[in-house]
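Have a look at the structure below, then the notes.
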Amino acid sequence: MSNIGFPGLGLSFTINKTAFTVFGLRVQWYALIIVVGILAALVYFLRRGTRTEGFSEDDLLNICILVIPISIIGARTVYVLTSLEKYTNFWDAFKIWEGGLAIYGAILFGLATVLLYCRKKRLSALKLLDALAPAVMLGQVIGRWGNFVNAEAYGYSAGVEKLPWRMTVGTVYIDGVPHPEIEFVHPTFLYESLWNLLGFILINLFYRHKKRDGQVFYLYVAWYGLGRGLLEFLRTDSLRVFGLKAFVILGLGSFVAAVLLLIVSYRRAAAEREELEAYASANAAKPAPETAPEPDGTLDAPVDYDREDDSGEDTEIDESEGEDNGNPT
């Protein structure tokens, strides 16, 4: 059971983490919410990929069949590798239904899969990533609510007890260590879900105005990286590498990289536009080529050598004209 409260808003929830049981197998709310997020992303991706980017539905479905399981494997792999202290035996690492996914693992594994598929099938990777990026963001908007059910992915900072949306989750853990003296935390899962929702709306408004392929993807990476990097400062369960919060570095680093790529892309788009305008101006300044006068559509009347003249006598040819009188014929 998860006991979650928002005392400043007068809200409290007691949630059973198990949605239902089938033949002894417990189906968790966390897993169901993730599946709903994946399905929503799939529907968006198919629609955007076919109608806007012109891909065939077969190619998009093939990509989904590959990317979805590989992304889940990637998310679990990165989480386990950065949280080895939580697993006492090898098989516990496979208990994905108990939670524990690192979204950047899903993004990186999924990105590698898309690039390899596009290279093999000779498809435009940037065009496809433009269609895929907002779909992933939609899935993240929904998927974060799985953390709410599990009462996890919260954050802490001094003064949080003064916020009207402060949250209670029972015992608060910071880096796996219980802190019973802490009563209130930040609902960082909610912050991230709302941040992604705003990003999803803005990216869709921007989509029709992109100048080159890849710009939508870069905008997604920048938007999500900035939000995740900043929120990670608050998180109490951050994955760490060499003692550092991995997703602070990865999030803010990807934000900087994506902004630089956007700038380069816009400069290239501007240069291409200038070249086209110069070419069009040069062609407009050239004089039109001269053309031969068109015939007026009439033909000379044929000569009738047998017709009679006005006097009624036959017109005869002067035979002497053809005789040799010293002039060349």
*Given labels modelled 7 Å from the Cα in the Cβ direction, how far is it in nm from D237 to R26?*
1.5
*In the Gaussian network model of the chain, springs joining C-alpha atoms below 10 Å, which of T50, T113, T14 carries the largest mean-square fluctuation?*
T14
*Once Rh for the stretch 205-251 is found with the Kirkwood sum over Cα pairs, what is the Stokes-Einstein diffusion coefficient at 4 °C and 1.567 mPa s, in µm²/s?*
107
*State the extension gain, in nm to one decimal, for the chain segment bounded by I174 and R268, taking 0.36 nm per residue of separation less the distance between their alpha-carbons.*
29.2 nm
*So what's the gap between the Cα centers of the stretch 138-195 and the stretch 1-42, to the nearest angstrom?*
15
*Which length gain, in nm to one decimal place, applies between L116 and L198 when the Cα-Cα distance is subtracted from 0.36 nm times their residue separation?*
26.5 nm
*If you line up the Cα atoms of the chain on their principal axes, what length do they span on each, largest first, in Å?*
135, 48, 40
_Fluctuation leader among L219, L261, L25 - the chain, Gaussian network, Cα springs under 10 angstrom_ = L25
*How much length, in nm to one decimal, is gained on full extension between L9 and E161, taken as 0.36 nm per residue of separation minus their Cα-Cα distance?*
53.4 nm
*Could you tell me whether the stretch 1-144 comes out rounded, prolate or oblate from its Cα gyration tensor? Rule is a ≥ b ≥ c as square roots of the eigenvalues, rounded for a/c under 1.5, then prolate if a/b exceeds b/c, otherwise oblate.*
prolate
*Rounded tilt (10° steps) of 125-143 against the dominant C-alpha axis of the chain*: 30
*asked:* Given R₀ = 22 Å, what would the calculated FRET efficiency be for I73 paired with V36, taking r from the Cβ atoms and rounding to 0.05?
replied: 0.65
*Once you put a point 7 Å from the Cα of F90 and another 7 Å from the Cα of A280, both along the Cβ direction, what distance in nm separates them?*
6.5
*Taking the alpha-carbon centroid of each part, what is the distance from the stretch 213-278 to the stretch 68-103 in angstrom?*
26
_Overall dimensions of the stretch 112-271 by Cα: Rg and Dmax, Å_ = 18.3, 60
_Highest-fluctuation residue, V221, V114, V22 considered, GNM on the chain with Cα pairs under 10 Å_ = V22
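FYI, it's all coordinate maths here, none of it is from the lab. Computed from a predicted structure; not experimentally measured. Counting neighbours? That spans all protein chains shown, and the Cβs are built from the backbone with ideal geometry, glycine included.
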